[in-house]
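The values are calculated or read from the model by the stated rules, or taken from the named source; none is laboratory data. Just so you know, these numbers come straight off a predicted model, no measurement behind them. Cβ: placed from backbone, ideal geometry, glycine included. Neighbour counts: every protein chain shown.
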Amino acid sequence: MEKTITRSEIGQMRLKGKPKCPACGNALSFVYEGSTGFSAVKCKRCRRESLINTETLEVILIEKAS
């Protein structure tokens, strides 16, 4: 079964932070309290990819292998 959430339910969640792209400083995503693990995200501004640690909000730029 597919899980869904409403905007009002998201609005009731506590925002932990908005990690920024290490290359250009653009906000990558919204991270909410209780989030755990890692998320790979592509920046909408510079198109570079980063790995976000959702527990610590550390952002690591992913480089292409040479």
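Tally up the residues in region 30-39 that are loosely packed, with under 13 Cβ neighbours inside 10 Å and either part of a helix (DSSP H, G or I) or within 9 Å of the chain's Cα centre (by Cα) (or both), please.
1
Does Thr54 qualify as being modelled with pLDDT of 95 or more, exposed (fewer than 12 other Cβ atoms within 10 Å of the Cβ) and of a type in the set (Val, Ile, Thr)? Steps first, answer last, please.
On the way: modelled with pLDDT of 95 or more: yes; exposed (fewer than 12 other Cβ atoms within 10 Å of the Cβ): no; of a type in the set (Val, Ile, Thr): yes.
Here the answer is no, as Thr54 does not meet what is asked.
Which one of the conditions (1) out of contact with any strand residue (DSSP E or B) (no Cβ under 8 Å at 6 or more places or on another chain); (2) in a loop (DSSP other than H, G, I, E, B); (3) not aliphatic (A, V, I, L, M) does Ser8 fail to meet, given that it meets all the rest?
The number of the failed condition is (2).
Since Pro22 meets every condition but one in (1) surrounded by 11 or more Cβ atoms within 10 Å (Cβ to Cβ); (2) in a helix (DSSP H, G or I), which condition does it not meet?
(2)
Would you be able to tell me the number of residues in region 45-66 that are without any contact (Cβ under 8 Å) to a residue 40 or more places away in the chain, in a loop (DSSP other than H, G, I, E, B) and among the hydrophobic types (A, V, I, L, M, F, W, C)?
Of the residues in that region, 3 qualify.
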